[in-house]
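This report concerns only the one structure given below.
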Amino acid sequence: MLRLDGLRLVLAIVLFAGGCGYAFTSDFFGKELLAEIAIFAILAMSLDFLAGFAGMVSLGHAAFYGAGAYIYALLSIWQDWGAPMAMLAATLFCGGAGWVIGAVTSRTQGIFFIMATLAFGQMAYVYVFENRAIGGDDGMSGVPRLDLSGIGIDLNDPSIFACFLVVMAGLVFVLFVWLLRSGFGRALVGMHRNEARMRALGLPLIRYKAAAFAVAGAVAGFAGTLGAQHSMFVSPDYLHWTNSGLVLVIVILGGLESLIGPALGAAVVIALKHEISTHTEHWAFFVGLFLIVAVLAGGKGLYGLLASVRDWAAAKRQPGGGDA
Amino acid sequence: MSDRREHMLEARGIAKSFGALKVANNVTLELDAGERRAIIGPNGAGKTTLFNLLTGEIAPDAGTVLLDQKDITRLTPDARARRGLGRSFQKNNLFRGLTVRESLTLSAMIALGKARQFWRDPGSDVEIAERIDQTALWVNLAGELDLPTDALSYGARRQLEVGLALAARPKVLLLDEPTSGMSPEDTGIMLELLNSLPSDLAMLIIEHDMDLVYGAAQRVTVLNYGEIVFEGTPEEARASDEVKRIYLGDWGDHHA
């Protein structure tokens, strides 16, 4: 279960306020970067919910992201659905698909589970890549954005759109804090710690794993609808497994099972990626180095690092506790 | 099956073989409401296997298991637990990193059907809190509720092992060597603890510690090579040459 301690709360507020502030003070490139960070933060939090808290490491997360993006694009371009309805439908579809795929893949364990999710993800990628009716490898452009002009918000303004995405990431954070404290969230954490005991206590494991997958899939799909609106374009790349890998790297770098760590990880990795790729195209090499250092340093990621600094400072402040 | 009392747990002709090895051979036993029965027998007699057959971890080749008069033979372990069949484990089977309170909350919320709640925090649920307080009193952990399980002494962890099963308020509790690895003092605490539990709770206890068997059980079942070879009161078990021979091994005869 999640303990919303001071560090998590402070980090959440800093990231949120920093994001909103940066949206209105940065140049155009900065706003693009911020939008990408916010979307990856949502993806990373949903994968942390699944992998970090529920213990189900998936390599198929990008498929839900891509599915959300495509369904939103198709419904709004072909069917003229309003953006809110298209976003809702795409999110629900991804939740339903997550339920089914979760129920199937949860019958496997460990590496086999990872391979099963990877296989599902790549099946979705190939389907979209080969399907000329939805643009094949060219993708589709002309994806509209949500129209909030009725309440005086112009999402075509890059500052406002970036800030809107930061707010969405904030809402997703609140959703997961809430969910992880609920009976459902606690059951998932208990299952991660000791699956056999949870079953002996009466928990139907497959049903809860499928539900966890459904929630993570729905939120990743929701991130997809935002990604499609951000670039106003969808392509099979959204679904590619390397994206799933990148999100997993972000989660591990940020700190598994910390929820806010992966949001911080998204900011660091996406910023690094852009910073390094202005100098060399081998940005992944440096992110990889960074990942190795993070894993060797205890595997608790950036959040774990900050938590140990906090504990060290607390021990130092306490008289007599400094040498402990 | 001499009388027609209503049994809380009943095994009828349970049989299980692993290859040529018969681990359960036509095992029939009944447990009434509130009955405390010890299962004893040498290592490898099939005691834990019998528990696994009763809880559904292993499917029997033949036979029927009834809980509160209802056939549960085809149910999964989790479905049996939800119907009131609780168990503790021979080796501590706890939740690392969680506190005692958080661990007990998991058990209570599942039993109360509150694991399904998406929005409410079981941590602020009065019904769950009452259960946890009561359970903590039973297993002597009222002062340790907010400690991480890893910080507990071995004896306290054994108590939590039983407490996790108790927080679900089972009708029937299967205890697999509750005093395994315990010091004599801790064994005494465990005996007291088991005797303080509600009198309507039926318990089946696998145990090697004879003090606990004589102190907590009204009936003793002796298992050998997967077969029930003796059933009676602890006094009768103590007096039985058959039990002595099985339990002490053949060297007992040579020195007699």
For residue A:277, work out the one condition from (1) closer than 25 Å to residue A:172 by Cα; (2) open to solvent by less than 60 Å² (accessible area, probe 1.4 Å) it doesn't fulfil. (1)
Test for residue A:198: is it within 14 Å of another protein chain (Cβ to nearest Cβ), crowded, with 22+ Cβ neighbours inside 10 Å, in contact (Cβ under 8 Å) with a residue 12 or more places away in the chain and within 22 Å of residue B:55 (Cα to Cα): no
Any residue at all in region B:87-95 that's part of a strand (DSSP E or B), open to solvent by less than 30 Å² (accessible area, probe 1.4 Å) and at the interface with chain A (Cβ under 10 Å from one of its Cβ atoms)? yes
Could you identify the single residue in B:15, B:59, B:11 that is of a type in the set (Gly, Ala, Ser), in a loop (DSSP other than H, G, I, E, B) and over 29 Å from residue B:141 (Cα atoms)? B:59
Out of B:242, B:207, B:177, which single residue is assigned by TED's automatic domain parsing to the domain that holds residue B:23 and either of a type in the set (Phe, Trp, Tyr) or open to solvent by 70 Å² or more (accessible area, probe 1.4 Å) (or both)? B:242
Only residues in region B:74-99 that are within 14 Å of residue B:174 (Cα to Cα) count as the first member; pair them with residues that are open to solvent by less than 30 Å² (accessible area, probe 1.4 Å) and of a type in the set (Phe, Trp, Tyr), Cβ under 8 angstrom, at least 6 apart or cross-chain, and list the lot. B:87/B:51
I'm trying to understand the selection: among the residues of region A:236-273, which are farther than 16 Å from residue A:42 by Cβ and crowded, with 22+ Cβ neighbours inside 10 Å? A:236, A:239, A:252, A:253, A:255, A:256, A:257
Check on residue B:46, modelled with pLDDT of 95 or more, under 19 Å from the mean Cα position of the chain (by Cα), open to solvent by less than 30 Å² (accessible area, probe 1.4 Å) and not hydroxyl-bearing (Ser, Thr, Tyr): no
Tell me, which residue of region A:185-195 that is within 7 Å of chain B (Cβ to nearest Cβ) and more than 17 Å from residue B:161 (Cα to Cα) is most open to solvent (accessible area, probe 1.4 Å)? A:186
Among residues of region B:96-122, those that are more than 7 Å from chain A (Cβ to nearest Cβ) and open to solvent by 30 Å² or more (accessible area, probe 1.4 Å), counted: 2
Within region B:130-160, take every residue that is within 14 Å of chain A (Cβ to nearest Cβ) and surrounded by 24 or more Cβ atoms within 10 Å (Cβ to Cβ) and give me the one that is farthest from residue B:35 (Cα to Cα). B:132
The number of residues in region B:30-58 that are over 19 Å from residue B:225 (Cβ atoms) and either within 14 Å of another protein chain (Cβ to nearest Cβ) or free of Cβ contacts under 8 Å to residues at least 24 places away in the same chain (or both) is 3
Looking at region A:151-184 only, could you name the residues that are open to solvent by 50 Å² or more (accessible area, probe 1.4 Å), away from chain B (no Cβ under 14 Å) and without any contact (Cβ under 8 Å) to a residue 24 or more places away in the chain? A:151, A:152, A:153, A:154, A:156, A:157, A:171
Residue count, region B:164-200, condition out of contact with any strand residue (DSSP E or B) (no Cβ under 6 Å at 6 or more places or on another chain) and either without any contact (Cβ under 8 Å) to a residue 60 or more places away in the chain or assigned to a loop (DSSP other than H, G, I, E, B) (or both), comes to 24
If you take the residues of region A:90-115 that are of a type in the set (Gly, Ala, Ser) and modelled with pLDDT under 95, which of them is least open to solvent (accessible area, probe 1.4 Å)? A:106
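The values are calculated or read from the model by the stated rules, or taken from the named source; none is laboratory data. Small disclaimer: the values here were computed from a predicted structure and weren't measured. When we count neighbours, we look across all protein chains shown, and the Cβ atoms used for this are built from the backbone with ideal geometry, even at glycine. Remember, those area values only see protein heavy atoms, side chains included, never the ligands or the DNA or RNA. Shrake-Rupley method; radii C 1.70, N 1.55, O 1.52, S 1.80 Å.
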